[in-house]
Every structure is written in structure tokens, then in C-alpha cells.
Amino acid sequence: MPGEIISLLVGQCGNQIGQQYWSRLCAEHGISASDGSRNADSLNLYEQPDIYFNLSSNNRYTPRAILVDLEPGVIGKLPENGLFNPRNTYLSKEGSSSGNNWAYGYQYAHDYSQEIMDIIDHELDSCDNLEAFQLLHSVGGGTGSGAGSYLLEQLNDRYGKKLLTTFSVFEGANSSVVVHPYNTVLALRRLIEHSDACVVFDNSSLHNIASECFVDTVSFFQINELIATAMATFSNTMRFPNYLYTSLSHILSTLVPTPDFKFLSTSFSPFTSDTVAGAKDVRSSTAYDVILKLLDQKLQMINQGTKSPSFRDDLNNRYLAVLDILVTNDPRDDLTTRVDQDDIQKALMRAHQRARFVPWCPSSIHLAHGTKSPYLQPNKNIVSGLMIANTTNVALLFQKTCSQFDSMFARKMFMNNYTRHDLFSLEDGILAEFQESREVVRSLIEEYGSCLKESYLDDEDEVM
Ligand SMILES: Nc1nc2c(ncn2[C@@H]2O[C@H](COP(=O)(O)OP(=O)(O)OP(=O)(O)O)[C@@H](O)[C@H]2O)c(=O)[nH]1
Ligand SMILES: [Mg+2]
């Protein structure tokens, strides 16, 4: 069996996304989302739910997930829910949020790190061969951002040989969190320094995509449905293994060419009522349509719709690596859904002509064949697909956040909120923290700029 993956759901956003993600995994594996039970008759030989679920002695599937928050709003209600393990939840003693303060979240996780790490260690005991940790969080608030940052440092320190991945939600254009540029830059430094891969979502783009594909007005629930669908398709080839991309390390070895360029974006098509509840109906889609549609920048969950003053056209969507996961009914069950290989070849040829890669990377789009869960309604007219792209677009997102950071930091706005915590109580200490984090992000953006050059790899040789 491929190695297990333990997820850390931190803060409101991380927990809300996590709960929708596991509802989806339950549906895809015929597991009851209310108590983790599963009808033994429904066991399918090909699936591997154990990567994400622990099967207990009483035949219940429990998510390999640890839920952390400082306020009880989201996870306080969980004991009523029989799916998650109540021993895997950590709620703050004070019961109040960090108030969108990265330093508060970071300090809190530092002070109570032993209790949180004990929960993680306990969960590890139920794994035979842990492959990865994955952090689900937002970077603009305080808990997911600050406590998430501290936990990443700790996990890297203690389990550095395991993969550390994140699903990180960035603020939208109309954010209600005024200090989100500070929290984001401080968290981004930890993602850069301590993770192996980060899948980035941007709430503005998700909002735009959701308003196109849902019948109702857009809420976080719907946005999270899109994220959960992308995440579930990301792990499809591990949970319904074929012969390729059956482990996270295999997927990442295709997508992450160097440790610097580990930020990934996703696009999905089509979101239909087949894939998410409440979405508009689409009658049919073919592999050909999907492969080409996935290159549409409007579908990118970090699309830079509005250009900021610092927008650099040269950084606009140059790929370093692309993996498409096409999902169809299982051909072992339904021979009529075999996708036409000629169709795929033709689409890939066109896609290769359209996609712009950086000059030193092989410009090839990798393709994996995913399997639609046998527990979901089969629909042989629909092929859906996820594109996971390593693209320079993330640098534009970081650059936009940095410009907002710079204009606030130049006036030292809201800084006193960050000095109220022991670890950062000295003004020099917090200033250094801000400046160093900003410098780490600046240097990454510069690296994205350099990687556009034909001579990028030769320049690296000179440095060495
Ligand atoms: N996509 C998505 N974004 C969310 C969700 N909940 C919150 N966010 C975004 O994340 C940002 C801040 O994060 P929260 O996750 O609420 O904050 P937190 O981690 O709980 O930290 P506190 O400041 O301590 O409450 C918000 O401004 C929202 O834009 C969610 O369910 N889905
Ligand atoms: Mg909160």
C-alpha cells in the first residue's frame, strides 16, 4: 500500500475546507460521513481509502486528520459528528480567535506545541508507512497562518524526511482582513522554507469561478466545494490506483523541478452537478475538450484577473511543469467509457502548441488517468479533468501581496498588534521578523524572474 497522509486542519478556513474534503472522500469510498461505517459488500478491490482513513477495530473509517483552532465556532460542534476522532481535535483553552494576528497564532502554537505534537504522534502510531503531512489553512488570518507556520517548522524539524505539503488559501481582492498582507508574507516565508510543495488557491479567482458554475449566489461553502473537488482529484490516482502516479512523491517528482519552485496552481473542468452539488448542468464533455479547456486562464484557481500596478507581463503564466489528471468511469467496470487515445493525442499536440513553458524545462504536459468513484452516479458522457500546474503566475500573486505589505509597512501601520506576544515583544524582534520574511519572499519572486531566461541553469552553475 502507498504511504499514509496525515492532514492538519488549522483555523476556520482549514477546518471548513477539511470537513468538505472528507465528506467528498467518504462519498467516493462508500463511507458514511456521519459515523465512518461502510457496507462490507461495497468493498472495491481497486481502491485505497487507507491513505486518508484509519480503519479501526470496530470497522469504522476515521480520517487521518488533526483539527486545530483557537475558537470553537467550527470544530466545537464536532463531537456530535461521529466521523472525526474527538481525540484528534485541539481547541484553545481561552476559546477566542487570534483576531487575524499571525503573531498570536504562532505564539499560541509555540506555547502549546507539546499538546498538539502529542496528538500528531498518537496519529502517527496508527500509520505503517507515513508518506506525508498536509496542512490545510488560510494564510491571511491568524490561526491557520500563524499556528500553521509554527507547526510547519516543528514538523520539518521532527519529521524532515516525510513530505510536507500544504493547501493554502490566499485572500481575495475584497478581503475584510486589513492586515492580511502582513500575515500572508510572514506565513509565506514558512511555506518557502519548510514545505516540499504548496497548492495555492486565491479566494478572488474561486469566487469568479463559483459565480460561473453555481446556480445560487456564492458562499464559502460553494468555494470550498471547488477546493474539495480539486483536492479529491489531486489524490484520485493514489486512492484509485492504476499504474502511474500512485504516490504523492511520484506526483510531486513530475511537478516540482527544483526546491524553489514548489508552488502549484489548479484548474478543473467541468464543474457540473456530476462533480459538485448545486452546480449547473453540463450534458457532455470529451477528453479533447477538457485537455484544451484546462489551459483557459480563467479556470486557474489563482488567476490574476485584475492587474496590480506591479504586474509583470513576462511572469504571466509561463509553465515549469503541468500534470493533467483526466477522470472517467472505471473502464474495468464500463468498457464503453474508454477514452479515445487519438482524441487525447490530438488534444495534447494542440495543448503543447498553446502552453508557454520556461525555456529550460521540457515543454511537455504529463497525463494521468483517474477513475471516477464506483460509488458516484456513473455518467459516461462526462470526462472531467484537473490540471496541476507549476506556473510563474504564483509570483504575480506574491508580488501583489508584497506591494500591499510594503505600503502598510512603510508607515508601520498596525505593528503594535504584533508586539504584544512574548516571542515578538521587542520592537527590534518583530521588525526583523517582518523584514526577513519580506526579503525571503522578494528573493523567491526574483528567482521566478530569473527562471524565464534561457541561461537559467547555466547561471546556477556559475553561482556554484
Ligand atoms: N475559501 C475559504 N476561505 C475562507 C474560509 N473561511 C475563511 N476564509 C478566508 O480566510 C481568511 C482568514 O482566515 P480564517 O481561516 O477565518 O482565520 P483563522 O485561521 O481562523 O484565524 P483567526 O484570525 O484566529 O480567526 C478570511 O478572511 C477568508 O477570506 C473558508 O471556509 N473557505
Ligand atoms: Mg478563526
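The values are calculated or read from the model by the stated rules, or taken from the named source; none is laboratory data. What you see is a predicted model; the values in this text were computed from it and never measured. Backbone-built Cβ (ideal geometry, glycine too); neighbour counts: all protein chains shown. Note: areas computed on protein heavy atoms with side chains; ligands, DNA, RNA excluded. Shrake-Rupley method; radii C 1.70, N 1.55, O 1.52, S 1.80 Å.
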Working carefully through the options ASN88, ASN100, ASN129, find the one that is open to solvent by 60 Å² or more (accessible area, probe 1.4 Å), assigned by TED's automatic domain parsing to the domain that holds SER57, within 21 Å of LEU152 (Cβ to Cβ) and not aromatic (Phe, Trp, Tyr). ASN100
Which of (1) modelled with pLDDT of 95 or more; (2) under 23 Å from the mean Cα position of the chain (by Cα); (3) away from ligand 1 (no atom under 15 Å from the Cβ) is the odd one out, the single condition ASP118 does not satisfy? (2)
Please name all residue pairs, on different chains or six or more residues apart, with Cβ atoms under 8 Å, provided the first residue is in region 309-329 and is surrounded by fewer than 17 Cβ atoms within 10 Å (Cβ to Cβ) and the second residue is modelled with pLDDT under 80 and assigned to a loop (DSSP other than H, G, I, E, B). PHE311/GLN304; ASN316/GLN304
Kindly indicate whether any position in region 238-260 is surrounded by fewer than 23 Cβ atoms within 10 Å (Cβ to Cβ), in a loop (DSSP other than H, G, I, E, B), within 18 Å of the chain's Cα centre (by Cα) and among the charged types (D, E, K, R). yes
Given the criteria touching a Pro at 6+ places or on another chain (Cβ under 9 Å), touching a residue at least 24 places away in the same chain (Cβ under 8 Å) and either open to solvent by 20 Å² or more (accessible area, probe 1.4 Å) or outside the structural domain of GLN435 (by TED's automatic domain parsing) (or both), does ASP216 qualify? no
With respect to VAL440, determine if the residue is farther than 30 Å from THR237 by Cβ and β-branched (Val, Ile, Thr). yes
Considering only residues that are basic (Lys, Arg) and more than 19 Å from LEU396 (Cα to Cα), look in region 145-192 and name the one that is surrounded by the fewest Cβ atoms within 10 Å (Cβ to Cβ). LYS161
Does region 282-297 contain at least one residue that is among the aromatic types (Phe, Trp, Tyr), within 25 Å of ILE223 (Cβ to Cβ) and surrounded by 17 or more Cβ atoms within 10 Å (Cβ to Cβ)? no
Is region 432-443 home to any residue that is of a type in the set (Val, Ile, Thr) and exposed (fewer than 14 other Cβ atoms within 10 Å of the Cβ)? no
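To keep it simple, each residue is scored yes or no on (1) within 16 Å of ligand 1 (Cβ to nearest atom); (2) open to solvent by 10 Å² or more (accessible area, probe 1.4 Å); (3) at pLDDT below 95.
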residue	(1), (2), (3)
MET1	no, yes, yes
SER7	yes, no, no
ASP35	no, yes, yes
ASN39	no, yes, yes
LEU43	no, yes, yes
GLU47	no, yes, yes
TYR52	no, no, no
Identify all residues within region 348-367 that are hydrophobic (A, V, I, L, M, F, W, C) and over 20 Å from LEU255 (Cβ atoms); write none if there are none. MET349
